[in-house]
Amino acid sequence: MTHGIHHITMICGDAQENLDFYVGLLGMRLVKLTVNFDDPTAYHFYYGDATGSPGSALTFFPYPDGRSALIGNAMVSELGLSVPVGSLAYWQDRLASAGVQILFEQDRFGADSIAFSDRDGLPLRLIESGEPGQAWPEMTVPVEYAITKSQRATIMAGTSHVRGGETATGQLMKDMLGWESIQTNGNVSRYGTPDGSILDIINEPNQAWGRGGHGGVHHIAFRIDSHEHQIELMHRLEAKGHRTSGEVDRTYFRSIYFREPGGVLFEVATDEPGMMIDETFESLGRSLRLPPQYEGRRDLIERALPKLVRPEAGAAR
Ligand code: ZN
């Protein structure tokens, strides 16, 4: 079984614009600067808390030439980011003064929140939850307001497999991934884990199918506590007819991938070894990290990637 969201990965357009938004404006830490392990012509940005802990990370593949995502069935329709209790007023001011259109409203289950989108149109929501996290060098937002977790997501499940009022996605979350059903409101069912992760599943028969692209979620990764349990889960999934990728080494975690019945790509990732396997706390994200198979081509890879300007503290654009 899994115990929460590990990271969520998106496609974006312009790399610099994405870095300016998530580091410069949202104040997340760039904890790892690397390339798409399946395509080293593209960056892979990992944003997170001070140490890039599981449950804090949003990651992006910038592909400037792609098209925009369409939110619809078989897509993630929104991500939720946790900010410390009492910090929404700060964010309202900060986002509004940066020219971001915001909506101060309650989420589907009555929590105060700020809804807005990133530069590629990815729908985001800030929700107050818990205490401030740990500070790090060169923070662009004071630690008492900084985003702590990125472990809420909303999925628009396909509708063809509802049984006993529950989507096939919801059944998978409970039966295979070990999540609890928390609450249902109309056509939205909420599932969660004790670490505070939340997945809302929308069952909307008349919703058109979505498609991936800029501003779209590529996959959601769930935490698993050991490699042994990961292999066990892979065998259980395969025994139930889910085709998996088999084991994949992502340097910072080990992964398996499969498509859930509603159409969203899921990953199950280990907490270990984590972001600090190849960098210290101080130096996280400061230099381009390449997996061993690409190290020999570092010069070529670096020349082909767009140059980046680091957002400075307080320099939100
Ligand atoms: Zn992933």
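The values are calculated or read from the model by the stated rules, or taken from the named source; none is laboratory data. Computed from a predicted model, the values in this text were never measured in an experiment. Every residue, glycine as well, gets a Cβ built from its backbone with ideal geometry; the counts of neighbours run over all protein chains shown.
Points to keep in mind about this one:
A quick yes/no check of all residues on (1) within 16 Å of the ligand (Cβ to nearest atom); (2) in a loop (DSSP other than H, G, I, E, B); (3) surrounded by 14 or more Cβ atoms within 10 Å (Cβ to Cβ); (4) free of Cβ contacts under 8 Å to residues at least 12 places away in the same chain:
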residue: GLU279; (1), (2), (3), (4): no, yes, yes, no
residue: LEU284; (1), (2), (3), (4): no, yes, yes, no
residue: ASP299; (1), (2), (3), (4): no, no, no, yes
residue: ARG303; (1), (2), (3), (4): no, no, no, yes
residue: LYS307; (1), (2), (3), (4): no, yes, no, yes
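- Single residue of SER68, SER97, SER77, SER113 found to be out of contact with any Ser or Thr (no Cβ under 6 Å at 6 or more places or on another chain) and closer than 21 Å to ARG190 by Cα: SER113
- Filter result for the condition that a residue is closer than 19 Å to PRO123 by Cβ and assigned to a strand (DSSP E or B), over THR9, THR41, THR34: THR9
- Every condition in (1) assigned to a loop (DSSP other than H, G, I, E, B); (2) at pLDDT below 95; (3) loosely packed, with under 13 Cβ neighbours inside 10 Å is met by GLN293 except one, and the failing one is (1).
- Residues satisfying the stated conditions in region 66-80, i.e. over 10 Å from HIS214 (Cβ atoms) and either within 16 Å of the ligand (Cβ to nearest atom) or not small (Gly, Ala, Ser) (or both): LEU70, ILE71, ASN73, MET75, VAL76, GLU78, LEU79
- When region 12-31 is filtered for residues that are away from the ligand (no atom under 16 Å from the Cβ), of a type in the set (A, V, I, L, M, F, W, C) and assigned to a strand (DSSP E or B), only LEU30 remains.
- Subset tally (residues that are in contact with a Phe, Trp or Tyr (Cβ under 8 Å, 6 or more places away or on another chain), more than 13 Å from the ligand (Cβ to nearest atom) and not in a loop (DSSP other than H, G, I, E, B)) for region 232-274: 6
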